Each structure stands twice: as C-alpha cells, then as structure tokens.
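Take a look at the structure set out below.
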Amino acid sequence: MLFGQSVFQSVLERLKVEDETAEDAEAPAAHRVSGLGTGLAFDVMEGVSVASQRVGQAYFDNLDLDAAAGVAQKPASAPPPEPVMPDHLTRTTPQEVAAELAISAADTPLTLREKRRAFARANHPDGVELPFRDNATKRMMLANLLIDEALRRLSR
C-alpha cells in the first residue's frame, strides 16, 4: 500500500478502509467514546454535577472572601504617603554628577562601563517614582555624556 504512493495518498486510502469497516460494524454503546480507553470521573451528587450547582461560587472559591457574606468591604485606610525625593536626585548639575562618577585619568574602558552600570542601577528613571523621573533622566543624560566623553578621550 505504501509503495508507489505518497504519504498523503496512503493516509487517504487507510481512512477510506476505516470508514468502510466502521459502516459494517455495529455501533458501540452510546456511553462509550470510541478510542477512549478509560472512563471519565466527575464530582457527582444525587446525579447532578457538583460544579454545575455552584456556578456563581466558583469565582469566590479562588478569593479570600466569604461568599455568604457578600463582597467584603476593605477597611478605609489613609491615602498612601507622598513619595519623598531621594537626596541624590536633587543633584542635577554637571559638576555634581561628575563628582559622583569620580572619573579619573586612571579609568579604563572597563571601569567606565562599570561606573555607567552602577550609576544606572541607582538613578535610572524607570526605577524612581513618577514625580522624580525628570531629575533622574537629567542625571542619566549627564552621566552618559561624561562617560562617553571619557571613552572618546581614551580611544585617541
């Protein structure tokens, strides 16, 4: 059957043979699924699925709420405190950022890249509160400018 035929043609032939034998054979019992070797198990109580009796309850089962008491009201809490700007974000002049980076003539490209990563870990705009992102952005721009300039001087 496989010789001289493509795989697709041989599959079609096999399906035709199976359909012909299925029509000739007696239909299996209605409670059985053809090809399924094991039965299915359900939570059943008095002939009715337990899950179908508690459709609305399924959502509350995954929460820490008491469904009989309804939706629990969260206790009124004080509004979150206003974020406080860290001291280092107030230093935004080029001189202050340069002093913080402490770039020297002894620095190598490797140490300059490490200083850039360390500065970014502490000052990146994505890591600070929203009201302070402008200062963090300014500090990162200055630090990148100073480090890039130092790397240019080293490459000459």
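Taken together, the values in this text are just the output of simple stated rules run on the coordinates, not laboratory data. Computed from a prediction, not measured in an experiment: that's the story for all the values here. Glycine gets a Cβ as well: all are built from the backbone with ideal geometry, and neighbour counts include every protein chain shown.
Placing one identical point scatterer on every Cα of region 89-156 and ignoring solvent, what is log10 I(q)/I(0) from the Debye formula at q = 0.16, 0.19, 0.22 Å⁻¹? Values, matching the q order: -0.51, -0.69, -0.88. Using the Cβ atoms and a cut-off under 9 Å, what net charge is assigned to the surroundings of ALA143, where Lys and Arg are +1 and Asp and Glu are -1? Neighbour charge sum, excluding ALA143 itself: +2. Computed about its Cα centre, the charge dipole of region 98-156 is approximately 200 debye, with only Lys, Arg, Asp and Glu carrying charge at their Cβ. Using the average count of surrounding beta-carbon atoms within 10 Å as a protection proxy, the listed peptides 127-140, 98-111, 77-90 rank, highest first, as 127-140, 98-111, 77-90.
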